[in-house]
Amino acid sequence: MRGYASILLLILVAVALPIIILNLSRLLRPSWPSAAKYATYECGIVTTNEAREKFSVRYYLVAVMFLVFDVETVFLMPWAIQMKELAVFGFIELGLFLFLLLFGYGYIWSKGALTWE
Amino acid sequence: MFITFALITLLGALGMLLQKNVVVAGLCMVAAFFGVAGLFVLLANPVAAALQIIVYTGAIMVLVLFVIMMLNSHEEEAGAARPVQRWLSLALIAVLAFAAVKLVLASAGLNALAVKGAEMPQAMTLQKVGTTLFADHLLGFEVAGLVLLAAMIGAVALTKRNL
């Protein structure tokens, strides 16, 4: 457990900072609310509809691709650290793994999943 | 420490189940994931803790958020009462929880630790993960590659209108 105190401290500061800032500014600022002030801020444009509208399924494809390559990186990390010890066999093993994923990458590319239609 | 992280995990999971607003439920899920990561650190497995945060709170969370955004589920029907399913699920949870506790109590690792003066297991490091993953579990590793490939192709097949 030693050595984690700094991480814990970082998390605590990260949580405490917005709480402190928001509450401090609430104490200091004047408060004269009006309907216009409580309206949703949308870059100065009058809002047209709710924020919770249906999003395109294309975002989902992007999310899945992100997930797949995120997990791939996770698998690369232990190999990179043990690269010398694993020698040629580990290299071939990882090559096979990467080939599978590169094949998938080529597939999604050829199907046009990377272009925004 | 254990109680803190266990409480974070359990409260996050409960909040996720009981919360009507799906986005807040997703945030509760993130809290539960962080709690689990803390538990992994307590178990002397920082690798699993880091992966928990990178993969679950990073990637899986994004996926769940996109599903929420796609489904637009604040127009969902207001919880149709399904009493049979409700009781079935509760019974299933009870059985699974009982079996899980039994399994842990019966495991060889725990019994070895219960002996007085037993040696604590070494912390898991990335080096150890590397050697075991690429030597003992190489088939599983390559199968993981295949599963990722299947995930990619499946996502394309599901979302692309004209293949």
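Things worth noting here:
- Some residue of the stretch B:39-46 being in a helix (DSSP H, G or I) and modelled with pLDDT under 85: yes
- Qualifying residue in the stretch A:28-47 (condition: more than 8 Å from every other protein chain (Cβ to nearest Cβ), of a type in the set (A, V, I, L, M) and within 27 Å of the chain's Cα centre (by Cα)): no
- Pair list, Cβ < 8 Å and 6+ apart or interchain, from the stretch B:105-132 residues that are farther than 19 Å from residue B:46 by Cβ and more than 14 Å from chain A (Cβ to nearest Cβ) to residues that are modelled with pLDDT under 80 and surrounded by fewer than 11 Cβ atoms within 10 Å (Cβ to Cβ): B:112/B:118; B:113/B:120
- Test: residue B:61 is closer than 15 Å to residue B:8 by Cβ and modelled with pLDDT of 85 or more: no
- For the stretch A:76-105, a tally of residues being of a type in the set (A, V, I, L, M, F, W, C), at the interface with another protein chain (Cβ under 7 Å from one of its Cβ atoms) and under 17 Å from residue B:50 (Cα atoms) returns 3.
- Helices (runs of 4 or more DSSP H) enclosed by the stretch A:8-114 - at least 1 residues per element that are surrounded by 13 or more Cβ atoms within 10 Å (Cβ to Cβ) and modelled with pLDDT of 85 or more: A:58-81, A:83-110
- Taking the criterion of being touching a residue at least 60 places away in the same chain (Cβ under 8 Å) and more than 16 Å from the chain's Cα centre (by Cα), the only residue of the stretch B:15-51 that qualifies is B:44.
- The one condition in (1) exposed (fewer than 14 other Cβ atoms within 10 Å of the Cβ); (2) within 14 Å of chain A (Cβ to nearest Cβ) that residue B:99 fails to fulfil: (2)
- Filtered residues of the stretch B:10-20 (kept if surrounded by 12 or more Cβ atoms within 10 Å (Cβ to Cβ) and either among the aliphatic types (A, V, I, L, M) or closer than 19 Å to residue A:54 by Cβ (or both)): B:10, B:11, B:13, B:14, B:16
The values are calculated or read from the model by the stated rules, or taken from the named source; none is laboratory data. If you're wondering where the values come from, they're calculated on a predicted model, not measured in any experiment. All Cβ positions, glycine included, derive from the backbone under ideal geometry; neighbour counts span all protein chains shown.
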